[in-house]
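Nothing in this text is a laboratory measurement; each read-out follows from the coordinates by a stated rule. Note that the structure is a prediction, hence the values are computed from the model and not measured. Positions of Cβ are backbone-derived with ideal geometry, glycine not excepted, and every protein chain shown enters the neighbour counts.
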Amino acid sequence: MTTFKDLGLVKPLLTALSEEGYETPTPIQALAIPTVLEGRDLLGIAQTGTGKTAAFALPILQRLAADPRPAPRRGCRVLVLSPTRELASQIAESFRVYGRHMGFSVAVVFGGVKYGPQVRALAAGVDILVATPGRLIDHINEKVANLGAVEVLVLDEADQMLDLGFLPPIRRIVSTLPKKRQNLFFSATMPTEIGKLASELLVNPAQASVTPAATTVARISQQVLFVETDRKRQLLAELFGDANMARGLIFTRTKRGADRVAKYLDAVGVKADSIHGDKSQGQRERALAAFKGGSLRALVATDIAARGIDVDAVSHVVNFDLPNVPESYVHRIGRTARAGADGVAISLVADDERGLLKDIQKVTRQTIPSFDRRNCRALGALAAVDKATLPPEKTPQRAAQGGGRGGNGGGNGGPSRNRRTGGGGGGNGGGRPAHAGGQGGKPRASNGPRPIAATQPAQRWSPVD
Ligand code: AMP
């Protein structure tokens with residue numbers, strides 16, 4: 001088996017890698033490291049979770065060390081462009097970790113924070129600059145940044161750059177770089193526009209392609225739960241009754257939806273927070289740190305906000321809403337199978353999302369096992385209690401389908417949420433378990449989330465066609 005030493009990496013990097021506990025290179029690392037060390041351009045088709053950051057950071061650090069020179073004033077030797085702030089921070093952190101025995105300077109530049117510290121960091125020059133395109137352009141326009149001495153350009157998650165409308169700023173930034181430089185280009189998918197950008201930037205590139213969508217997807221245990229839109233929250237809370245769901249990353253389509261779901265989880269005793277574009281940088285960082293540190297069990301995110309989240313131990317990804325683009329499904333669930341780990345991905349699918357599910361199954365070339373939780377009496381009872389006990393603004397938007405479900409039957413108003421009985425009337429027994437780790441019928445905890453007594457028995461099991 002190939003080792004990092006076999007790939008030709010120098011001692012300070014090998015030491016940092018062993019301190020990180022990385023024993024063997026991932027496939028993208030094995031492919032990319034020797035190529036980048038040679039100074040060649042690279043086109044890497046890889047999604048997050050494959051170890052692609054180290055695949056470019058390690059050989060770049062080694063090349064910088066082999067040709068020591070001062071960082072250019074107001075500029076940098078290596079420029080990494082990232083679509084999001086979170087990813088930029090993550091990449092910078094990786095450079096710091098892998099390069100900790102080499103003494104290079106690393107700075108990050110992104111929007112939403114003060115200019116001053118970034119201006120000061122750039123003034124003296126940095127070896128490695130990681131930036132989002134918008135803010136970097138501001139610095140270029142203000143003549144705070146001058147990229148005329150860049151030796152290596154990395155474009156990470158290029159397909160997301162396209163989604164976020166960053167291609168024009170990227171072209172503008174690239175126009176200020178020296179012609180002679182090394183280019184590394186990473187993207188999980190290759191839409192036409194991205195292929196075009198790659199061919200503009202790269203010169204005779206080597207290609208390293210790993211984990212086409214289906215490969216990573218295959219390592220993740222996936223399931224679909226069919227449920228009414230207005231019972232998704234109850235079903236989600238129920239999922240958290242499973243102790244195996246140690247750290248759940250939940251995706252919603254909208255920012256408001258993310259806030260609502262996080263508030264609901266908190267209300268039913270699952271420590272949760274949300275992360276999305278309307279949150280300040282400080283709020284996002286605090287939420288992320290709490291999630292990483294384990295004091296938050298659930299983090300609810302929109303696709304964009306979640307893009308750079310790198311948390312090794314996400315046990316479950318839950319798609320509260322299915323994404324509009326099938327590729328996003330792959331990105332999302334990839335969060336739970338970092339660097340070879342296995343993970344669980346559960347999608348809550350309402351009737352009006354079946355078309356999206358079909359698209360996802362087509363793109364990923366698989367049929368996801370599905371369980372039907374529609375018309376589940378237990379969930380209906382919980383929804384009714386929620387309606388009676390939660391303030392009106394916290395009740396979910398009622399979906400068009402089937403009003404009046406749940407009725408007022410559970411409206412006993414009195415009990416605090418954490419004391420509600422778990423089964424909600426049970427009555428849906430017999431089906432296959434919706435997920436592992438069931439504890440059906442156990443007495444509920446006096447504090448904390450609602451146990452999942454009601455979760456386990458799915459009424460019907462129906463493969464999706
Ligand atoms: P990335 O695809 O760059 O987002 O990396 C995914 C995760 O894999 C990160 O948490 C890295 O710390 C981790 N990682 C990267 N390379 C290795 C390796 N060779 N062995 C184990 N973990 C790794």
Between D278 and E19, what length comes free when the chain is fully extended (0.36 nm per residue of separation minus the Cα-Cα distance, one decimal in nm)?
89.6 nm
Compute, for region 5-209, the length of the dipole vector about the Cα centre, with Cβ point charges of +1 (Lys, Arg) and -1 (Asp, Glu) only. Units Debye, rounded to 20.
820 debye
FRET efficiency, 1/(1 + (r/R0)^6) with R0 30 Å, evaluated for A66 and E200 via beta carbons
0.60
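Please give the contour-minus-distance gain from Q366 to D312: 0.36 nm per residue of separation, less the Cα-Cα distance, rounded to one decimal in nm.
On the way: separation 54, 0.36 × 54 = 19.44 nm, distance 2.54 nm.
In short, 16.9 nm is gained.
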Could you let me know the centre-to-centre spacing of region 216-260 and region 31-105, using Cα atoms, in angstrom?
34 Å
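Using mean Cβ contacts within 10 Å as the protection proxy, how do 87-99, 193-205 order, highest first? Intermediate results must be reported in sequence, preceding the final value.
Details: 87-99: 21.3, 193-205: 15.3.
In decreasing order of mean packing, 87-99, 193-205 become 87-99, 193-205.
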Label-point separation, Q223 to K358 (7 Å along Cα→Cβ), nm
2.5 nm
Could you work out how far apart the two model spin labels at K179 and A246 are, taking each label as a point 7 Å from the Cα in the direction of the beta carbon, and quote it in nm?
5.5 nm
For K52, which lysines qualify as cross-link partners when the Cα separation must be under 30 Å and same-chain residues fewer than eight apart are set aside?
K5, K11, K114, K179, K180, K196, K255, K279, K292, K358, K362
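Hey, can you rank 73-83, 283-293 by average C-beta count inside 10 Å, highest first?
73-83, 283-293
Sorted by average packing, counted as other Cβ atoms within 10 angstrom per residue and highest first, what order do 366-378, 264-276 take? Write down the numbers at each step before the final one.
Numbers: 366-378: 19.2, 264-276: 22.2.
So the peptides 366-378, 264-276, ranked by packing, come out 264-276, 366-378.
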